[in-house]
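Take a look at the structure below.
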Amino acid sequence: MVEHALKKGTARLPEEKGRRGMAGIKRGVVVGAKSPALERLLEEVRPVVTVTEWHRENNAAYSSFSANPPSLVFVDLSEETKGRLILITRIVKTIRHVPVVALGQNAQVDLLLQAFRAGAHDYLALPPVAGEGSAMCRRLLDPSFRREEEGKVFSVFSVKGGQGITTIAVNLADRLRKLTTRETLLFDMNFFAGDCETRLKIPSLYTPFDLQRDMKRIDRDLLLSVVPKHDRGFRLLACPDEISDPEQIQGEEVGRMMEILAEYMDFTVIDLPHDLSTRTMAALRASDRILLVLQQNLASLKSARKALRFFREMGEKEEKVELVLNRYEKRNDLSVDDMADVLGRPLFHLLRNDYRASTESINLSVPLDATDRKGPLNRDMGVLAEKCAGFQEPRRSQRSLLRSLMDLPRKGRS
Ligand SMILES: Nc1ncnc2c1ncn2[C@@H]1O[C@H](COP(=O)(O)OP(=O)(O)OP(=O)(O)O)[C@@H](O)[C@H]1O
Ligand SMILES: [Mg+2]
């Protein structure tokens, strides 16, 4: 009878009742058609996750997950691909923290990419290589996975002014969104007089002061309905046009805002002011990565060295802070190697000097990708986004793309 129900599409396996209450047993659900390769996979992963439900109909599968979220979901993309990709997006957006493994016949790069963009946490090609499935499930079910699944927060910062913080923050948000199609937010924390909204020509209809007021009741739907979206797809949380009083927002409140944003946004990029207020400190602390920006001159180098010392004193882990050299020129008396020597660490990324492109993008109030798509600075911005997302555009050989995706399965990991 069970076999019959499985064939029909929706069934619970007999051991479920007894097992669900047992500590330590992870419950898996499959959405897809039965096949010998898939059954072999489920047999292999059984010691890690036991499949107790099997669906073929997407809506029924979704209703069942929302009523009783499993520990892990396998979604077969080899049939009904479009609908299943939508299902993956629905699951990851609404039933957070449940890892979703997309399954495909063979390692098709296009499918793998679509699965990743839909939000799948990993992709497994069928038939599976022995041991690969159970290793993947073990990793996804590890308690640390939950923490890794929070959205990633990048702070763009320098102690010195005029280093290119806003330029980098705006374009990083734009390129992260373009690369991943995930929910991406640019947060202008220059509460006194930020300029992101003029740089992007989006009216600040919802500001951090509004978020401060709404913090107790905000959820994902409300946040997405109130924070304006740029035509390019990313969102902007920026201050009102008129000069605002930053002191109205306390450091702890920034900490709470960061928790909310990390929960509901896949990527948050913060344009930080050049101060060390409790607000800035709270944002720095809440960031997964701090992009410390400097330029190729002694004053900037000194200021970056001071900032690094300060981060050490703050107790920030070294690997959290990445050095980004802006306005890089090959012909400069101060070489990249010299700078790395003085700072005691390699530079994470170089952004070439391109005043024309940068000024044009500011004057037209659009990101570089919309004005100078093939220009060197825009290309450098694209690579910075790839390094931050841990995900690469498919321009290299399929083999290296596959490898990079398999090694770096989901958001923000690199
Ligand atoms: N890679 C680059 N090449 C050439 N010019 C650049 C580059 N990056 C930024 N600029 C220019 O440097 C100037 C300052 O940039 P931006 O406003 O982004 O810096 P900022 O650190 O946010 O400044 P502020 O301290 O005023 O907030 C702008 O005129 C911008 O066009
Ligand atoms: Mg700025």
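The values are calculated or read from the model by the stated rules, or taken from the named source; none is laboratory data. Note that the structure is a prediction, hence the values are computed from the model and not measured. Glycine also receives a Cβ, built like all others from the backbone with ideal geometry; neighbour counts cover every protein chain displayed.
General observations
- Any hit, segment 166-179, residues being more than 13 Å from ligand 2 (Cβ to nearest atom) and either part of a loop (DSSP other than H, G, I, E, B) or of a type in the set (Ser, Thr, Tyr) (or both): no
- Flag for LEU377 being at pLDDT 95 or above, more than 16 Å from ligand 2 (Cβ to nearest atom) and assigned to a helix (DSSP H, G or I): yes
- Checked against (1) touching a residue at least 24 places away in the same chain (Cβ under 8 Å); (2) assigned to a helix (DSSP H, G or I); (3) surrounded by fewer than 14 Cβ atoms within 10 Å (Cβ to Cβ), GLU247 meets all criteria but (1).
- For segment 187-201, a residue qualifies if it is part of a helix (DSSP H, G or I) and either more than 13 Å from ligand 1 (Cβ to nearest atom) or crowded, with 22+ Cβ neighbours inside 10 Å (or both), and the qualifying residues are CYS196, GLU197, ARG199, LEU200.
- Within segment 242-272, the set of residues being of a type in the set (D, E, K, R) and out of contact with any Phe, Trp or Tyr (no Cβ under 9 Å at 6 or more places or on another chain) comprises GLU242, GLU252, GLU253, ARG256, GLU259, GLU263, ASP266.
- Out of SER204, SER155, SER134, sole residue that is away from ligand 2 (no atom under 12 Å from the Cβ), outside any loop (DSSP other than H, G, I, E, B) and crowded, with 18+ Cβ neighbours inside 10 Å: SER155
- The single condition from (1) in contact with a strand residue (DSSP E or B) (Cβ under 7 Å, 6 or more places away or on another chain); (2) in a helix (DSSP H, G or I) that THR89 fails is (1).
- VAL293, sole failed condition from (1) modelled with pLDDT under 95; (2) buried (at least 20 other Cβ atoms within 10 Å of the Cβ); (3) in contact with a strand residue (DSSP E or B) (Cβ under 9 Å, 6 or more places away or on another chain): (1)
- THR278 fulfils the conditions (1) modelled with pLDDT of 90 or more; (2) within 16 Å of ligand 1 (Cβ to nearest atom) except for a single criterion, (2).
- LEU292 fulfils the conditions (1) closer than 17 Å to LEU172 by Cβ; (2) more than 16 Å from ligand 2 (Cβ to nearest atom) except for a single criterion, (2).
- Candidates SER303, SER335, filtered to the one that is within 16 Å of ligand 2 (Cβ to nearest atom), more than 19 Å from LEU185 (Cβ to Cβ) and of a type outside the set (D, E, K, R): SER303
- Matching residues, segment 345-369, being among the aliphatic types (A, V, I, L, M), away from ligand 2 (no atom under 16 Å from the Cβ) and not in a loop (DSSP other than H, G, I, E, B): LEU350, ALA357, LEU364
- Any hit, segment 25-34, residues being at pLDDT 90 or above, over 22 Å from ARG84 (Cβ atoms) and surrounded by fewer than 20 Cβ atoms within 10 Å (Cβ to Cβ): no
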